[in-house]
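Remarks on the structure that follows.
The values are calculated or read from the model by the stated rules, or taken from the named source; none is laboratory data. These numbers come from a predicted model, not from an experiment. Here the Cβ is made from the backbone with ideal geometry for all residues, glycine too, and neighbour counts use every protein chain on show. Side chains are part of the model used for accessible areas, which takes the heavy atoms of the whole protein and leaves out ligands, DNA and RNA. Shrake-Rupley method; radii C 1.70, N 1.55, O 1.52, S 1.80 Å.
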Amino acid sequence: MSKKYVYLFSEGNAGMRELLGGKGANLAEMTRIGLPVPQGFTITTEACTKYYEDGRRINDDIMAEIMRFVGRIEAINDKRFGDLEKPLLVSVRSGARASMPGMMDTILNLGLNEDVVAAMIEGNPDPKFERFVYDSYRRFIQMFSDVVMGVGKKYFEQLIDQMKEKKGVTFDVELTAQDLKELAEQFKDEYKAQLGEDFPSDPIVQLKEAIKAVFRSWDNPRANVYRRDNDIPYSWGTAVSVMPMVFGNLNENSGTGVAFTRDPATGEKKLMGEFLTNAQGEDVVAGVRTPMPISQMEEKFPAAFKQFVSVCDILEDHYRDMQDMEFTVENGKLYMLQCRNGKRTAQAALKIACDLVDEGMIDPKQAVLMIDPRNLDTLLHPQFDTTALKKAVPLGKGLGASPGAACGRVVFSAEDAKEWAARKEKVVLVRLETSPEDIEGMKAAQGILTVRGGMTSHAAVVARGMGSCCVSGCGDIKMDEENKKFELGGKVFHEGDYISIDGSTGNIYDGVIPTVEAKIAGEFGRIMKWADEHRRLSVRTNADTPKDARKARELGAEGIGLTRTEHMFFNSDRIAAFREMICSDTVEERVAALAKLEPMQQADFEGIYEAMEGDPVTIRFLDPPLHEFVPTDEADIAELAKAQNKSVEDIKAIIASLHEFNPMMGHRGCRLAVTYPEIAEMQTRAVIKAALAVQKRHPKWNMVPEIMIPLVGERKELKYVKDIVVKTADELIAASGTDMKYLVGTMIEIPRAALTADDIAQEAQFFSFGTNDLTQMTFGFSRDDAGKFLSAYYDKKIYENDPFARVDQIGVGKLIAMACKLGRSTRPDIHLGVCGEHGGDPTSVEFFHKVGLDYVSCSPFRVPIARLAAAQAAIKEEK
């Protein structure tokens, strides 16, 4: 039997998400459980994949199958495409298996043409109906032209604005049937002027082109950016749902809305959403008109509202999660157009998960699985300083659409936001309303402020998904985008002026308000406790200062997986002694210079040990090439020459001698200790003396310092440095009269080390995978320069995401898995961890769990993310 590429809603269910996409699967599920859904069909994600495999064309067999299903929904709905008595009008919508709000395309009112419009009006002489038909027609021409044929919507918006100005009205709804008829003609003229051909009148041609457009939108720039950010593979493709239209813009007894079964900003258990009478769904989501709260729907449509509340209860009970729903009321009758697990803020996600456990809907394991680990980041982001906030007077107020505090310079376009952010300027993006094209600018901004739109507008939904602060629907703003200025509360803001916005209250302030670190809510502790009960991986932190170590411990770190000792040498009071060491001519001079640094390093290590209160601490010996520490400007060179009693030329000669063509693969890491063993001796003394001192102050702590030798590629070089460490450490411990234990291990960051891990494990008591360098050396490109060309690799689908942000499981991952297996074959009790930033990436953490690492280590603020991701990996493995 040949592969099936099209399914009626009545043929699917929620379990077919991979095939039907999230939207198609949920429409099928709502149909299955008896909810009012207009009956259509879904073209599968496999058809999308085939479209791309066949050179961006829908092959004849799939198109024939689609046409057969057009016939089936014509029969089910007793309407026909192009029929003058019972015309079938449809919407064509995208729907990937992962929710991607606003990233792909939708076409409404498809099937209209001059003949159908005339016949519909002739069949109903009501002037209001005539207006509805022309309104639907002009919307279709505009949407089809923009989405399917690439004629920018700005041309049509200009024509609408000109018509409103000519008629002396403010809103689209004030335009008459004749006005809209005239607009439809203007739109078609504009289409022909732009494309050189007439607007297509055959509904079948319209449908075929619309389906191809939705498939194409899977590969549009904003969808590609969203997929990379949210770890959605390109190979998944999107499904296409074709559904008979129901009309919220039919008359005053009709309307459309978006609602959530719980508040997506706070998690509170209450129906929350927005509704517009005499409107289509795009009006609510696009923020073109500011809608009314969902509660007011009860006054206007009591019967439909009562049914809708019942549907909400059914759906939340069925899916056991907060639901985000789109619906339309046509002539008082309710139709459900979509449902999905709703996007929510991190605060709301924690509250909803805990509440669902308390309500007996889910168990703690399911609660842990419900939280997107990446969203926890937003809980830890700054809020406004309360003292400063009390003194500040809001200039205006919008809707608090996505919590958090943002302060920055005003910019008016996504392009400017990206440009200013690239210059390290903090910006707030101010727009009439955002659209999906603005996604990169929204990412670059600290916060987003819009004049139009509600809590379910594009700006609000995308900001919540990204964890960015957003205030929407501030109608008091008088916007002048063209001249890059706006007025609010009697003040004119120009590009570059400072503004502060509060995404929780919706308040907008002039100037800069200081921010403070966020405080974590009670639900956070509950979720983390459940996570810790289920995870196998330990979570450590990368910390170079006591302050960072304390913060990480507060956030649940169980030790330090990486302390970079070189960062300590850059302090102004130490760099001189370090440069003295570099410029030394003899071993004695080097030892004398290092002796100045030793007490400083020891004090640093004591501070870190104290902060971690006896938890394990891994200290990496000096790693970067020495050229990073020498001066570059003339005044500093002269000062160093004077201190060293050398000529400026001598110092310049030393600096020149340190130059390397490829310093990241040069004289660094353990190679420094092989060349200058006295560096390893000094660092060992500092580590061990600090541990002995702290152990003496805290007898109940069990101090076991871990010394990590970086950039090893050969067992013998590790043995050479390890012998220096062991000799120095053992002498100090013996002299102290204690039996303190310590570990010596290495970073696996050179492919050769991974390939010979069984040999290296003869000397190493632990491996820590330095995935930043391991990625760099495996791919053969510099992490500092790769950004110049990686975007071309993303565009051409060679790479789907940044291998420095998410571990490459195929290549780098194979080396890690191999090193784990080889290392354990030599030393079964070897301790295995990772200390690159991949240790805080949820997808990478799941991989590290699978290959059997003992711990991951990441930056302090990513510790909760790693804890949750580790728990999810363990729970998924159980399943």
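Looking at segment 636-656 only, could you name the residues that are open to solvent by less than 70 Å² (accessible area, probe 1.4 Å) and farther than 30 Å from Val725 by Cα? Break it down into steps so the answer makes sense when it comes.
Taking segment 636-656 and keeping what is open to solvent by less than 70 Å² (accessible area, probe 1.4 Å), we get 636-638, 640-641, 644, 646-648, 651, 653-656.
If the condition is that a residue be open to solvent by less than 70 Å² (accessible area, probe 1.4 Å) and farther than 30 Å from Val725 by Cα, then Asp636, Ile637, Ala638, Leu640, Ala641, Lys646, Ser647, Val648, Ile651, Ala653, Ala656 are the ones that fit.
Name the single residue that is nearest to the chain's Cα centre (by Cα) among those in segment 477-504 being among the hydrophobic types (A, V, I, L, M, F, W, C) and open to solvent by less than 40 Å² (accessible area, probe 1.4 Å). Only one residue tops the list, namely Ile501.
Looking only at segment 606-660, residues that are hydrophobic (A, V, I, L, M, F, W, C) and touching a Cys at 6+ places or on another chain (Cβ under 6 Å) come to 1 in all. Remark: pairs (first residue in segment 402-422, closer than 18 Å to Ile513 by Cα and touching a residue at least 40 places away in the same chain (Cβ under 8 Å); second residue open to solvent by 20 Å² or more (accessible area, probe 1.4 Å) and among the aliphatic types (A, V, I, L, M); Cβ separation under 6 Å; 6+ apart in sequence or on different chains) = Cys407/Val512.
Against the conditions (1) closer than 24 Å to Pro710 by Cα; (2) in contact with a strand residue (DSSP E or B) (Cβ under 7 Å, 6 or more places away or on another chain); (3) at pLDDT 90 or above, Gly556 satisfies every one except (1).
Taken over segment 387-425, the criterion of being outside any strand (DSSP E or B) and within 19 Å of the chain's Cα centre (by Cα) is satisfied by Pro403, Gly404, Ala414, Ala417, Lys418, Ala421, Ala422.
Determine whether segment 756-770 contains at least one residue that is in a helix (DSSP H, G or I) and surrounded by fewer than 22 Cβ atoms within 10 Å (Cβ to Cβ). Even if it seems obvious, please write down each step before you answer.
So in segment 756-770, the residues in a helix (DSSP H, G or I) come out as 757-760.
After this cut, where a residue has to be surrounded by fewer than 22 Cβ atoms within 10 Å (Cβ to Cβ) as well, the list is 758-759.
Yes.
Tell me which residues, restricted to segment 520-547, are part of a loop (DSSP other than H, G, I, E, B) and within 26 Å of the chain's Cα centre (by Cα).
Once the filter is applied, which keeps residues that are part of a loop (DSSP other than H, G, I, E, B) and within 26 Å of the chain's Cα centre (by Cα), segment 520-547 yields Ile520, Ala521, Arg535, Arg536, Leu537, Ala543.
Checked against (1) surrounded by fewer than 20 Cβ atoms within 10 Å (Cβ to Cβ); (2) at pLDDT below 90; (3) of a type in the set (Asp, Glu), Asp548 passes all but a single condition, namely (1). Considering segment 505-519, and only residues there that are in contact with a Lys or Arg (Cβ under 7 Å, 6 or more places away or on another chain) and not in a loop (DSSP other than H, G, I, E, B), the residue that is surrounded by the fewest Cβ atoms within 10 Å (Cβ to Cβ) turns out to be Asp510.
A quick yes/no check of all residues on (1) among the aliphatic types (A, V, I, L, M); (2) out of contact with any Asp or Glu (no Cβ under 8 Å at 6 or more places or on another chain); (3) farther than 22 Å from Gly475 by Cα:
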site	(1), (2), (3)
Thr387	no, yes, yes
Leu395	yes, no, no
Gly400	no, no, no
Val410	yes, no, no
Glu425	no, yes, yes
Glu433	no, yes, no
Lys443	no, no, yes
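Out of Ile875, Ile865, which single residue is in contact (Cβ under 8 Å) with a residue 24 or more places away in the chain, over 27 Å from Ala611 (Cβ atoms) and open to solvent by less than 10 Å² (accessible area, probe 1.4 Å)? Can you show your working first?
Numbers: Ile865 fails: over 27 Å from Ala611 (Cβ atoms).
Criteria check complete, one pass: Ile875.
Put simply, of Gly150, Gly111, Gly123 the only residue that is without any contact (Cβ under 8 Å) to a residue 40 or more places away in the chain and under 27 Å from Thr44 (Cα atoms) is Gly150.
Kindly establish whether Phe524 is aromatic (Phe, Trp, Tyr) and open to solvent by less than 10 Å² (accessible area, probe 1.4 Å). Considered against the rule, which asks whether it is aromatic (Phe, Trp, Tyr) and open to solvent by less than 10 Å² (accessible area, probe 1.4 Å), Phe524 comes out as no. Residue pairs whose Cβ atoms lie under 7 Å apart, sitting 6 or more positions apart in sequence or on different chains, and linking a residue in segment 475-489 that is closer than 18 Å to Gly400 by Cα to a partner that is assigned to a loop (DSSP other than H, G, I, E, B) and open to solvent by 70 Å² or more (accessible area, probe 1.4 Å), are Gly475/Thr290; Leu488/Asp476. For beta carbons closer than 8 Å, sequence separation of 6+ or different chains, a first residue in segment 607-621 that is closer than 15 Å to Tyr855 by Cβ and a second that is open to solvent by 10 Å² or more (accessible area, probe 1.4 Å) and assigned to a loop (DSSP other than H, G, I, E, B), the qualifying pairs are Asp615/Glu558; Pro616/Glu558; Pro616/Val704.
Can you give me the number of residues within segment 109-131 that are in a helix (DSSP H, G or I) and open to solvent by 10 Å² or more (accessible area, probe 1.4 Å)?
Step one: list which residues in segment 109-131 are in a helix (DSSP H, G or I), which gives 114-122, 127-131.
Subsequent filtering for residues that are open to solvent by 10 Å² or more (accessible area, probe 1.4 Å) retains 114-115, 118-122, 127-131.
Of the residues in that region, 12 qualify.
Taking the conditions (1) loosely packed, with under 15 Cβ neighbours inside 10 Å; (2) touching a helix residue (DSSP H, G or I) at 6+ places or on another chain (Cβ under 8 Å) in turn, Asp585 satisfies each one other than (2). Within the option set Asp829, Asp795, being within 30 Å of Ser538 (Cβ to Cβ) and open to solvent by 40 Å² or more (accessible area, probe 1.4 Å) holds for one residue only, Asp829. Of the helices (runs of 4 or more DSSP H) lying entirely inside segment 1-105, those containing at least 2 residues that are out of contact with any helix residue (DSSP H, G or I) (no Cβ under 8 Å at 6 or more places or on another chain) and surrounded by fewer than 22 Cβ atoms within 10 Å (Cβ to Cβ) are 60-77.
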